[in-house]
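Novice: Handing you this structure, nothing more for now.
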Amino acid sequence: MNNSVSTTARLLWAGLRALLVLTLVTGVVYPLAVTGVAQTLFHGKANGSEITYDGKVVGSSLIGQQGYGLDYFQPRPANGLGENSVNTRYKLILSGATNLSADNKDLVKQVEDAKAKVVKDNSVPGYTVRPSEVPADAVTSSGSGLDPDISPQYADLQVHRVAARNGLTVAQVQKLVDAHTEGRTLGFIGEPRVNVLELNIALKSLVAKG
């Protein structure tokens, strides 16, 4: 009986020590080490890839924003996002696509309406957008609805409108787009892209100088 109790006590103590050691290693040492490495080598990414303008954080390079006026470049639609009354800037409570099938009447109408709006908004004197020139990302949301990037084709399509509304030349605005166009990751992953928030900040700075 005594041996059994003694054995049980030793096993319990050994288990408790293992629990304490593993808790210390995996719950304290490892998180601190990972955090230290991240803050040292990847400080910006570890803190949310924040973008600042005029000394203030205005967003993240990883999260798309809605609500830009027509003086600025427009992002992809975000039809799948939910809304709430607290977060009015991003107007989201969840991420996701519409979950509508490609032949769904509601989705087809959304795309058609979006294409008509893109054509109307971006057709300015001396430059007319044809419906066939509107790229897919201009009228459809991404899988998450939070895509911060647009295609170079969609950015190029908006150049004339942005130039006209800000009193800039087409060449000036096109230069901004070209400077903010990123190629495929590692040369073969993904597609060329333009970060809308970063591009609009550069645009705002250019207009302020003007």
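The values are calculated or read from the model by the stated rules, or taken from the named source; none is laboratory data. Quick caveat, the model's predicted, so the values are computed rather than measured. When we count neighbours, we look across all protein chains shown, and the Cβ atoms used for this are built from the backbone with ideal geometry, even at glycine.
Novice: Are any residues in the range 175-210 touching a strand residue (DSSP E or B) at 6+ places or on another chain (Cβ under 9 Å) and part of a strand (DSSP E or B), and if so, which ones?
Specialist: Correct list: 181, 182, 193, 194, 195.
Novice: Out of the residues in the range 61-79 that are hydroxyl-bearing (Ser, Thr, Tyr) and modelled with pLDDT of 85 or more, state the one that is farthest from the chain's Cα centre (by Cα).
Specialist: Applying the filter and picking the extreme gives 72.
Novice: Contact list please: Cβ distance under 9 Å, first residue in the range 137-166 and without any contact (Cβ under 8 Å) to a residue 24 or more places away in the chain, second residue surrounded by fewer than 19 Cβ atoms within 10 Å (Cβ to Cβ) and in a strand (DSSP E or B), pairs at least six apart or on different chains.
Specialist: Partner pairs satisfying both residue conditions: 159/127; 163/124.
Novice: Name the pairs whose Cβ atoms lie under 7 Å apart, with the first residue in the range 39-54 and loosely packed, with under 11 Cβ neighbours inside 10 Å, the second in a loop (DSSP other than H, G, I, E, B), and 6 or more positions between them or separate chains?
Specialist: none
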